[in-house]
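The values are calculated or read from the model by the stated rules, or taken from the named source; none is laboratory data. Please read these numbers as outputs of a predicted model, since none were measured by experiment. For neighbour counting, all protein chains shown are included, and Cβ atoms are generated from backbone atoms with ideal geometry for every residue, glycine included. For the accessible areas, the whole protein counts, side chains as well, though only heavy atoms, and no ligand, DNA or RNA atoms are used. Shrake-Rupley method; radii C 1.70, N 1.55, O 1.52, S 1.80 Å.
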Amino acid sequence: MRRRTFLAASSALAATTAVPLHALAQAANPVTAPWTGPFGGVPAFDKVRVEHFKPALEAGMAEEWAEIEAIANNPQPPTFANTIEALERSGATLDRVQTIYGIWVATLSTPEVRAIDKEMQPKMAAHNDRILQNAKLFQRIDTVYQQRGKLKLTPEQDRLIWLRWNSFVRNGAKLDAAAKARVAAINSELAAAFTAFSQNLLHDENEYDLFLKEADLAGLPPDVRAAMAAAAKGKGRDGEYVIVNTRSSVDPFLTYSERRDLREKVWKTYYSRGDNGDAHDNNALIKKILKLRAERAKLFGYPTHAHWRLANNSMAETPQAGMELMERVWPFAVARVKEEVAEMQAIADKEGTKIKIAPWDYRFYAEKVRKARYDLDMNEVKPYLQLEKLREGMFWASGQLYGFTFHPVTNVPVQHPGVRVWEVKRGPEHIGLWYFDPYARTGKRSGAWMNAYRTQETFDGKVTTIVSNNSNFVKGAPGEPVLISWDDAETMFHEFGHALHGLNSAVTYPSVSGTRVFRDYVEFPSTVNESWLRTPEVLNRFALHHQTGKPIPAELVAKIEKASTFRQGFDVTEFLASALIDMKLHLAGDADIDPDAFEREELKKLGMPDELVMRHRTPQFGHVFSSDGYSAGYYSYLWAEVIALDAVEAFREAPGGLYDKGVAKRLHDHVMSVGNSIHPREGYRKFRGRDPDVKAYLEDKGFPTN
Ligand SMILES: [Zn+2]
């Protein structure tokens, strides 16, 4: 099968008679096959088996390489059409393969999938380098790029050629052969180190279960107990309760458990992930990753990895711009922590506990402050937050803003029985598909995220998008509604914001489509969408009590509003501590870094309060060390939140408030629909009439604005 697919895939380009062979390959491997069926084709998830992945990835890479060679060796002089547009067409099979493969890695992982990943990640990195370092190909791109002023290009085409040229140059296309070889070797070593880092982290999240008896559960609300019992049952220990070493399990325990000894134990286990001095310790890997990144940045001509990551690759442009924003907010956040700790200490003293607030006390005592000061018990809010109703609420709000309607679809295959699909329409027009995979299961990574199975494009005919939202809710008993927390409801709206970014896309070329924008801009459309959860229009219609069907009382909403600046000291400080350390680690150049000592010393210099730690300590900082992804880029969440809250301000200033049609249209026209076809700074200016202002962010957190 492997050979046949391989041959068919590459010969399909060389000879026009290859069609029957290609068809044979499709029959043989559903992962490489073009998608067929309704809605312009959908992934044949029902036919996928793990043994398809390796041959499919290899066939996809071979086909793309053949396409690249055909473009690079074209005897015709380079043109926009035969070079830049041809590149847009290349790699379609690999794109489909990596989409399906990525879904298995993230949501259906098994030891077999992990073994394939370990083997294939370095190969995929090498494949990428082989393309980015292809001298003949770059020569053609460069020629078209130099002529671009004379080519009468559309603004999108002009941006596309800059992006393409820039990505080759940034990745070493202009280097000599020896430097190129070294870059490729570094990338391959990094790919292996990233996989090892994530697998260590996964190990430490899976292997430190803490089983408890009923007597250990003092303070825990019924739904937290039920989730712990269900998890224990899933692990074959019916009648017990388990805390898994992941955020979604640890967080509620630390918030509600009255057992300080257990809180300390759970906290220490959680914040020691990847840092246990055993075979799964990540410190040596981090050292290695930092060294390799620093060396690679120098080869590319940048002083540090942070400079390389941000230059021509972010809205911030320079590490300094990111640092300046973080350093502006940091003192306010730390000052707020001091106030929060004082308030919590007062409660502890009043209780006569004789304790000094420690990191494992923060969430617990903060909750007591919430009740005392705001008379708000989040457990009273939860009965109104039904997963399915809130989903309808997200649909409804997107209808108001962007004209979308959602229609359940049952005739397409899904990757797991828990996944459901909706067709998205605007009036009679088909816009795309939305796959929803809400429930936790073994083999699914924790957290919530969006991805695009297929991006929108029009340049070779209309292609509509397929997007998905994924989360880890615990499924209730049959017929029982799933109740979620306020934070989880916000996260749902956030991830749906990413989906809307994909669904609204209206560009010509796939590589600038939807969410394929700069890292520090991509969180803007998602963060801004969180704001519609809090509107009375959504809450009155969709935050309905699961037993009475009555909407959430206005007094309760008012309390939520009033408590919105609650615990922001903790939230912003734990985030910023991670974001600052990320940037500092990647500004340190090739200095010899001991991650533990670096973290300790730098946090001390920053004046990090003792009562909390980084949201992601260095040995568990998957955003930064399980890929290049958010390296020197964790600040992006702050950057994008500043923009998002500034954008919400534009709605508030308008007559229609958050449902103002005019502002919604501007958001659609200059942000949601344009993808990366325009520089984010320009797009934002067209939407807002000016650059983003940090004021709305500071106000939202209750920080001083002058
Ligand atoms: Zn996001």
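Tabulated results
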read-out: Residue match in the stretch 117-131 (condition: of a type in the set (A, V, I, L, M), in contact with a Phe, Trp or Tyr (Cβ under 7 Å, 6 or more places away or on another chain), open to solvent by less than 50 Å² (accessible area, probe 1.4 Å) and closer than 30 Å to Gly102 by Cα); value: no
read-out: In the stretch 424-456, the residues that are more than 16 Å from the ligand (Cβ to nearest atom) and among the hydroxyl-bearing types (Ser, Thr, Tyr); value: Tyr435, Tyr439, Thr442, Tyr453, Thr455
read-out: In the stretch 483-511, residue farthest from Ser673 (Cα to Cα) [restricted to those that are open to solvent by 20 Å² or more (accessible area, probe 1.4 Å) and more than 12 Å from the ligand (Cβ to nearest atom)]; value: Leu483
read-out: Hits in the stretch 457-482 - residues which are closer than 30 Å to Glu380 by Cβ and within 16 Å of the ligand (Cβ to nearest atom); value: Asn469, Asn470, Ser471, Asn472
read-out: Residue ID - most open to solvent (accessible area, probe 1.4 Å), chosen from residues in the stretch 261-278 that are touching a helix residue (DSSP H, G or I) at 6+ places or on another chain (Cβ under 7 Å) and assigned to a helix (DSSP H, G or I); value: Glu264
read-out: Residue satisfying all of: in the stretch 197-215; among the charged types (D, E, K, R) and part of a helix (DSSP H, G or I); farthest from Lys118 (Cα to Cα) among these; value: Glu214
read-out: Count of the stretch 353-376 residues which are aromatic (Phe, Trp, Tyr) and more than 25 Å from Ile560 (Cβ to Cβ); value: 1
read-out: Matching entry among Ala215, Ala230, Ala179 (being at pLDDT 95 or above and either among the acidic types (Asp, Glu) or more than 30 Å from Ile131 (Cα to Cα) (or both)); value: Ala215
read-out: Pairs with Cβ under 9 Å, 6+ apart, first in the stretch 540-565 and assigned to a helix (DSSP H, G or I), second loosely packed, with under 11 Cβ neighbours inside 10 Å; value: none
read-out: Within the stretch 531-550, considering residues that are under 26 Å from the mean Cα position of the chain (by Cα) and of a type in the set (S, T, N, Q), the one farthest from Tyr384 (Cα to Cα); value: Ser531
read-out: Residue selected from the stretch 512-525 under the condition assigned to a helix (DSSP H, G or I) and within 15 Å of the chain's Cα centre (by Cα), by the criterion nearest to the ligand (Cβ to nearest atom); value: Glu523
read-out: Flag if Phe570 is more than 16 Å from the ligand (Cβ to nearest atom) and open to solvent by less than 30 Å² (accessible area, probe 1.4 Å); value: yes
read-out: Qualifying position, being under 23 Å from Glu295 (Cβ atoms) and either out of contact with any Phe, Trp or Tyr (no Cβ under 7 Å at 6 or more places or on another chain) or buried (at least 21 other Cβ atoms within 10 Å of the Cβ) (or both), among Gly633, Gly656; value: Gly633
read-out: Residue ranges of helices (runs of 4 or more DSSP H) in the stretch 621-706 with at least 1 members of a type in the set (Val, Ile, Thr); value: 622-625, 636-653, 661-667
read-out: Test set (1) open to solvent by 30 Å² or more (accessible area, probe 1.4 Å); (2) farther than 29 Å from Lys180 by Cβ; (3) in a helix (DSSP H, G or I) - Leu153 fails condition number; value: (3)
read-out: Some residue of the stretch 88-104 being polar (S, T, N, Q), open to solvent by 40 Å² or more (accessible area, probe 1.4 Å) and in contact with a Ser or Thr (Cβ under 7 Å, 6 or more places away or on another chain); value: no
read-out: Identity of the residue in the stretch 526-541, farther than 23 Å from Asn313 by Cβ and open to solvent by less than 20 Å² (accessible area, probe 1.4 Å), that ends up nearest to the ligand (Cβ to nearest atom); value: Asn529
read-out: Residue selected from the stretch 276-328 under the condition in contact (Cβ under 8 Å) with a residue 24 or more places away in the chain and among the hydroxyl-bearing types (Ser, Thr, Tyr), by the criterion farthest from Asp691 (Cα to Cα); value: Thr304
read-out: Number of the condition not met by Ala193 [criteria: (1) more than 26 Å from Asp275 (Cα to Cα); (2) open to solvent by less than 40 Å² (accessible area, probe 1.4 Å)]; value: (1)
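Results for (1) assigned by TED's automatic domain parsing to the domain that holds Asn82; (2) under 27 Å from Tyr271 (Cβ atoms), shown as yes or no for each residue.
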site: Ile141; (1), (2): yes, no
site: Val144; (1), (2): yes, no
site: Lys150; (1), (2): yes, no
site: Ser188; (1), (2): no, no
site: Ala191; (1), (2): no, no
site: Ala196; (1), (2): no, yes
site: Gly219; (1), (2): no, yes
site: Ala229; (1), (2): no, yes
site: Arg237; (1), (2): no, yes
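Residues checked against (1) farther than 23 Å from Phe80 by Cα; (2) under 24 Å from the mean Cα position of the chain (by Cα); (3) aromatic (Phe, Trp, Tyr):
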position	(1), (2), (3)
Asn134	no, no, no
Phe138	no, no, yes
Glu156	no, no, no
Val169	no, no, no
Ala192	yes, yes, no
Leu201	yes, yes, no
Asn206	yes, yes, no
